[in-house]
1. Restricting attention to the range 112-141, which residues are open to solvent by 10 Å² or more (accessible area, probe 1.4 Å) and in contact with a Leu (Cβ under 8 Å, 6 or more places away or on another chain)?
2. Of the residues that sit in the range 68-81 and are of a type in the set (A, V, I, L, M) and surrounded by 23 or more Cβ atoms within 10 Å (Cβ to Cβ), which one is nearest to residue 123 (Cα to Cα)?
3. Restricting to the range 188-229, count the residues that are small (Gly, Ala, Ser), buried (at least 22 other Cβ atoms within 10 Å of the Cβ) and away from the ligand (no atom under 14 Å from the Cβ).
4. Taking the options 317, 303, name whichever one is touching a Ser or Thr at 6+ places or on another chain (Cβ under 7 Å) and modelled with pLDDT of 95 or more.
5. Name the one entry in 53, 24 that is of a type in the set (Val, Ile, Thr), over 16 Å from the mean Cα position of the chain (by Cα) and at pLDDT 95 or above.
6. I'd like to verify a number: residues in the range 4-38 that are outside any loop (DSSP other than H, G, I, E, B) and out of contact with any Pro (no Cβ under 9 Å at 6 or more places or on another chain), how many?
7. Tell me which of these residue 178 doesn't satisfy, since it passes every other one: (1) aromatic (Phe, Trp, Tyr); (2) open to solvent by 10 Å² or more (accessible area, probe 1.4 Å); (3) within 21 Å of residue 233 (Cα to Cα); (4) within 19 Å of the chain's Cα centre (by Cα).
8. I need the full set of residues from the range 142-159 which are open to solvent by less than 30 Å² (accessible area, probe 1.4 Å) and under 26 Å from residue 14 (Cβ atoms), in order please.
Amino acid sequence: MPIVMTEKNKRIINVLENKKSDQVPFWFMRQAGRYLPEYRELRAKAGGFLNLVYNPDDASEVTLQPIRRFGMDAAILFSDILVIPHALGQDLRFETGEGPKLNALKNVEDIQNLNVLKIDETLNPIYQTVSQTRKKLADEGFNDTALIGFAGSPWTVACYMIEGGGSKTFEKTKKWAYSDPKSFETLINTLIDATAHYLIKQIEAGAEAIQLFDSWAGVLDHYNFKRWVVNPTAKIVKIIKDKHPKIPVIGFPRDAGEKSIEYVNETGIQAIGLDFSMEPLWAKENLQTLMPVQGNLDPVALLSGGDVLKRSAIDILETFGDEPFIFNLGHGVIKETPPEHVEELCEIIRSF
Ligand code: 1CP
């Protein structure tokens, strides 16, 4: 069957199946976005970030922009982790120059008002983006490029829902989780249901792998990491796998440090994304022996370019390159990054 032939060519999928690759495959978190002039142009025309996200023509276009320029081995759906709170009924705004703003959840009643049953009314355009992107990738000859779908993990999404936006420490959320875990758990359970449903719909629309972003996994102590990061992630992975056993899931528990070992062993994921604070040799010995790893160039090395970029990238390639490995950044591309530096990095990886 032609589809099987195509899958074989997708290096990232091979690596996620724990196979070695002739070349190290790569993609970059936030590879679509504000560092690209073609993105800024489309965003201005669309009149805002959410307009882009909920317009399948525009969102599939943005998803493809970095692929056309740089030819990464994977495209990642252009969307945001905060569409889940939005679809559950929470007010969400993105103001230019500021981060996201939500009307913060304050009590149990606010949690009970979230409605899982209606999320597809908001999320349907995103499923269309996934299927349109698959079609455009094929039409434009990117037959070896995999399409990654994604969502935020319940803990990280809950952080934004309770703080009402970004934060450095997420103390309000932690205080709620630590002092009233029963009611906090009702929010996490709602997010588990919504997220698993959302990801299954992305898979059914054509996503070939999934990444779960747990950007704020690192703010929790050990007990709460297990309860609010590991356990909910395991539940989501199980619900996905029951329906789609072959779809690989990449977990990204940012700043989890040595707790990553427990995360790898207990969540059922197929690969782990490493943030840039993770020491490569430690990760090679303690994590890459268990499953494929992805990462972990400091985005500031990419922003800087030149020798720093070269040295840092080669160091990572030499450490991880002999075993199943996907090159990525340790966090998202910074918006001031010159696109030429991204081109340079692609060359470094390809010629390794
Ligand atoms: O144009 C703009 O002004 C919006 C900037 C922007 C973009 C391009 C936001 C707002 N989100 C996105 C896209 C996005 N977000 C993607 C698209 C695919 C790609 O990687 O190319 C993805 C995967 C995300 C995921 C996301 N959103 C995360 C997890 C990863 C991470 O960065 O840690 C988080 C925490 C968010 C929330 C969010 N959305 C946008 C911003 C600026 C933020 C961070 C807010 C904060 O905490 O300060």
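The values are calculated or read from the model by the stated rules, or taken from the named source; none is laboratory data. Keep in mind that this is a model prediction, so the values were computed, not measured. Cβ sites come from the backbone with ideal geometry, for glycine too, and all protein chains shown count toward neighbours. Remember, those area values only see protein heavy atoms, side chains included, never the ligands or the DNA or RNA. Shrake-Rupley method; radii C 1.70, N 1.55, O 1.52, S 1.80 Å.
1. Matches in the range 112-141: 114, 115, 116, 134, 136, 140.
2. Narrowing the range 68-81 to residues of a type in the set (A, V, I, L, M): 72, 74-77, 81.
If we keep only those that are surrounded by 23 or more Cβ atoms within 10 Å (Cβ to Cβ) too, we end up with 72, 74-77.
Working: 72: 26, 74: 22, 75: 19, 76: 17, 77: 13 Å.
If we take residues in the range 68-81 being of a type in the set (A, V, I, L, M) and surrounded by 23 or more Cβ atoms within 10 Å (Cβ to Cβ), then 77 is nearest to residue 123 (Cα to Cα).
3. 1
4. On inspection, the qualifying residue turns out to be 303.
5. Details: 53 fails: over 16 Å from the mean Cα position of the chain (by Cα).
So the residue among 53, 24 that is of a type in the set (Val, Ile, Thr), over 16 Å from the mean Cα position of the chain (by Cα) and at pLDDT 95 or above is 24.
6. Here is the first cut: in the range 4-38, the residues outside any loop (DSSP other than H, G, I, E, B) are 4-8, 11-16, 26, 37-38.
Keeping just the survivors that are out of contact with any Pro (no Cβ under 9 Å at 6 or more places or on another chain) gives 4-8, 26, 38.
Going through the range 4-38 one residue at a time, the tally reaches 7.
7. Residue 178 satisfies all of (1) aromatic (Phe, Trp, Tyr); (2) open to solvent by 10 Å² or more (accessible area, probe 1.4 Å); (3) within 21 Å of residue 233 (Cα to Cα); (4) within 19 Å of the chain's Cα centre (by Cα) except (4).
8. In the first step, residues of the range 142-159 are kept if they are open to solvent by less than 30 Å² (accessible area, probe 1.4 Å); the result is 145-159.
Within the range 142-159, 145, 146, 147, 148, 149, 150, 151, 153 qualify.
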